[in-house]
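A.B. asks: Take a look at this one; I'll ask things after.
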Amino acid sequence: MNALRLTPLLTLLFACGKDDGPADDSAPADDTPTDTATDTATDTAAEVTPCPDGLSEPAISTSTGCVTGLVTEGQERFLGVPYAAPPLGALRFLPPTPVTPWETPLAATSSGPICVQHVDSSLTDNKKGEGDEDCLTLNILRPAGAAGPLPILFFTHGGGYATGSGSQSTYLNDPNLPDQAIVITHNYRLGPLGFLAHPALSAAQAEGVSGNMGLLDTVMALEWVSENAEALGGDPAQVLIFGESAGGLTTCALLMSPDAAGLFSGAVVHSAPCLGLNEPLRGGAADQGERWGETFAEALGCDGDDAVACMQSAPIEDIVTYGQATVLIGEGKRYAPVLDGVRLPVDGALSLKDGLSVPVTLGANQDEGTVFVLGLGVTTEAIYEATVRALVRPFGIDADKILAAYPSADYGDSPEAAFAALYGDAVFVCPTVFMAEALAPDHTVRGYHFSAAPAAAGTFGAFHGLELAYVFGTGFVDTSPKDAALAQDMQDAWATLLTGDAAVGEAGPWSPLGTGWALWDRDGSALGAHPKADLCQLWAEEGLNPW
């Protein structure tokens with residue numbers, strides 16, 4: 001099966017859920033890397049606006065104005081800082097524009113509004129229609145009184161491009177990660193507000209393309225961070241971008257996009273198959289971006305010569321109603337970045353084989369599928385078999401081989417658990433393995449597999465997104481010494497990925513892929529072979545690996 005037949009399977013699977021020992025001596029870390037932070041980091045420091053004397057709050061002089069914050073638990077926090085102009089009215093559905101600088105100090109003591117949410121989310125408790133269009137802000141957390149320069153960790157949230165925000169509790173509720181680095185989260189436009197493509201919108205742009213507004217929001221936030229890295233107390237040569245799920249796909253897009261070149265010096269992609277970015281802006285595919293945009297505009301009643309103005313003036317309630325962002329199999333539209341040949345290359349992630357210019361870390365969790373398929377009704381052997389056959393038959397995959405590799409007997413005699421394992425491996429784990437192994441010979445690539453499952457996770461196990469509670473040090477982490485130790489080890493590793501000092505706990509240095517993956521687990525992390533290598537080999541034999 002070639003890549004063109006494979007990638008629709010990834011999209012189909014990804015869209016159907018609820019949501020949202022060191023390397024061997026023959027390939028030492030100093031020999032494999034051709035990508036280095038100093039090669040790609042660009043000096044983009046901008047002139048800053050001095051803060052007035054006498055301020056009692058912590059303050060930062062930035063290129064857009066003085067920002068004051070607050071001190072909490074030994075951290076300085078600057079919340080809700082605008083990085084772009086409000087995308088309202090005539091700016092709706094268009095790329096972001098720079099924020100107007102402010103003259104008096106901006107009190108950044110509370111998170112800004114979340115962006116308009118286009119579905120209900122059981123993971124974030126956000127509801128369809130909640131949020132504000134004026135939402136393009138970022139949050140800065142750093143250790144109080146630390147002597148810089150510090151590494152900068154720039155995070156992009158997940159949520160299927162339909163829900164979520166940079167101010168979710170996992171990221172901002174007393175995290176430990178900012179104890180040793182500057183941590184920045186941000187909001188970006190979601191659903192059609194962030195990813196609607198349309199021929200009239202394309203015609204209105206000099207580049208002749210549309211549909212990647214939410215991606216360009218993230219680029220503009222990253223530009224703001226790059227311009228102000230030194231003012232923040234950060235090291236411009238140590239800007240690590242990382243994101244999970246849809247945020248991981250955005251991280252993939254940043255690695256591909258010429259718009260983001262030079263703005264960061266390394267990346268971590270959490271639980272995101274980069275090949276999931278596969279929708280063309282235009283062409284013969286039934287789900288091409290502009291065609292979906294025309295369908296959306298027609299639903300709004302905006303199919304005339306004034307389509308753009310009509311959509312820009314439509315009530316936000318109608319935008320949400322007609323802009324469903326996550327869908328059932330065979331229905332609707334999943335809003336996401338489009339491959340337009342300008343912002344993103346038309347061959348998507350495959351372009352990274354020759355175009356990757358920074359060190360990258362790729363990883364996924366043991367039980368990626370549970371939050372997507374538990375509760376979908378795969379409760380009997382007959383339903384399990386029928387579901388798998390229907391899913392893989394159009395793509396030439398041998399269902400008998402797949403079913404034999406995932407027998408219910410191996411999963412507590414639960415067809416639902418077996419399907420969750422199958423789904424998670426096919427959509428997240430194995431595509432991560434394939435990409436890492438394809439890029440590793442020519443680039444600096446690290447890999448991880450996260451299998452820590454605290455008791456509170458129950459049948460969900462090491463589910464999709466759980467590792468963020470450990471990386472940030474918040475939320476779902478048990479109070480046991482095992483969980484606390486694992487969380488500290490992961491925070492230490494993420495904060496030092498660009499310094500060359502990253503380690504996998506007591507197992508040793510986190511070297512680029514050679515013979516070892518970082519195996520993060522609460523019962524003892526290790527470096528070794530990927531635990532799902534045999535299953536991934538089967539999927540590769542069935543055509544799931546286009547690399």
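A.B. asks: With respect to the numbered conditions (1) farther than 19 Å from Leu190 by Cβ; (2) at pLDDT 95 or above; (3) touching a strand residue (DSSP E or B) at 6+ places or on another chain (Cβ under 6 Å), which one is the sole condition not fulfilled by Cys274?
C.D. replies: The single condition Cys274 does not satisfy is (3).
Listed here are the residues, each with its yes/no results for (1) assigned by TED's automatic domain parsing to the domain that holds Ser110; (2) over 14 Å from the mean Cα position of the chain (by Cα); (3) of a type outside the set (Gly, Ala, Ser); (4) over 16 Å from Glu223 (Cα atoms).
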residue	(1), (2), (3), (4)
Ala144	yes, yes, no, yes
Gly158	yes, no, no, yes
Ser169	yes, yes, no, yes
Leu172	yes, yes, yes, yes
Pro175	yes, yes, yes, yes
Ala181	yes, yes, no, yes
Asn187	yes, no, yes, no
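A.B. asks: Have a look at Ala206, Ala229, Ala197 and point out the one that is assigned to a loop (DSSP other than H, G, I, E, B), surrounded by fewer than 24 Cβ atoms within 10 Å (Cβ to Cβ), assigned by TED's automatic domain parsing to the domain that holds Leu79 and of a type outside the set (Lys, Arg).
C.D. replies: Ala206
A.B. asks: All but one of (1) within 30 Å of Trp494 (Cα to Cα); (2) modelled with pLDDT of 95 or more hold for Phe419, so report the exception by its number.
C.D. replies: Status for Phe419: all satisfied but (1).
A.B. asks: Filter region 61-105 for residues that are assigned to a loop (DSSP other than H, G, I, E, B), closer than 17 Å to Cys115 by Cα and β-branched (Val, Ile, Thr) and give the result.
C.D. replies: Once the filter is applied, which keeps residues that are assigned to a loop (DSSP other than H, G, I, E, B), closer than 17 Å to Cys115 by Cα and β-branched (Val, Ile, Thr), region 61-105 yields Thr97, Val99.
A.B. asks: Are any of the residues in region 329-342 within 24 Å of Trp520 (Cβ to Cβ) and either assigned to a helix (DSSP H, G or I) or of a type in the set (Phe, Trp, Tyr) (or both)?
C.D. replies: No, region 329-342 has no match at all.
A.B. asks: Here's a follow-up. Mind checking which pairs have a first residue in region 119-140 that is assigned by TED's automatic domain parsing to the domain that holds Pro96 and closer than 16 Å to Leu193 by Cβ and a second that is aliphatic (A, V, I, L, M) and surrounded by fewer than 21 Cβ atoms within 10 Å (Cβ to Cβ), Cβ under 7 Å, 6 or more apart or different chains?
C.D. replies: Pairs found: Glu133/Leu88; Glu133/Ile316; Asp134/Leu88.
A.B. asks: So Thr515 clears everything in (1) modelled with pLDDT of 95 or more; (2) more than 15 Å from Ala181 (Cα to Cα); (3) polar (S, T, N, Q) except one condition, right? Which one?
C.D. replies: (1)
A.B. asks: Answer with yes or no whether Thr370 is of a type in the set (S, T, N, Q), surrounded by 20 or more Cβ atoms within 10 Å (Cβ to Cβ), within 20 Å of Trp547 (Cα to Cα) and in contact with a strand residue (DSSP E or B) (Cβ under 6 Å, 6 or more places away or on another chain).
C.D. replies: no
A.B. asks: For region 401-419, give me each residue that is touching a helix residue (DSSP H, G or I) at 6+ places or on another chain (Cβ under 8 Å) and surrounded by fewer than 17 Cβ atoms within 10 Å (Cβ to Cβ).
C.D. replies: Lys401, Pro407, Asp410, Tyr411
A.B. asks: Out of the residues in region 286-314 that are acidic (Asp, Glu) and part of a helix (DSSP H, G or I), which is farthest from Pro199 (Cα to Cα)?
C.D. replies: Checked region 286-314; the qualifying residue farthest from Pro199 (Cα to Cα) is Glu298.
A.B. asks: Report yes if some residue within region 404-411 is part of a strand (DSSP E or B), at pLDDT 95 or above and of a type in the set (D, E, K, R); otherwise report no.
C.D. replies: no
A.B. asks: Exactly one of (1) part of a strand (DSSP E or B); (2) in contact with a Gly (Cβ under 9 Å, 6 or more places away or on another chain); (3) not charged (D, E, K, R) is unmet by Ala162. Its number?
C.D. replies: The failed condition is (1).
A.B. asks: Ala246 - would you say it is in contact with a Phe, Trp or Tyr (Cβ under 7 Å, 6 or more places away or on another chain) and at pLDDT 95 or above?
C.D. replies: When the stated conditions are applied, Ala246 passes them.
A.B. asks: Here's a follow-up. Can you pull out the residues in region 343-381 that are part of a loop (DSSP other than H, G, I, E, B) and more than 23 Å from Phe419 (Cβ to Cβ)?
C.D. replies: Correct list: Arg343, Leu344, Pro345, Val346, Asp347, Leu356, Ser357, Val358, Pro359.
A.B. asks: Find the residue count for region 382-402, including only residues that are under 18 Å from Ala420 (Cβ atoms) and of a type in the set (Asp, Glu).
C.D. replies: Count: 1.
The values are calculated or read from the model by the stated rules, or taken from the named source; none is laboratory data. The structure presented is a predicted model; accordingly, all values stated were derived computationally and were not measured. Every residue, glycine as well, gets a Cβ built from its backbone with ideal geometry; the counts of neighbours run over all protein chains shown.
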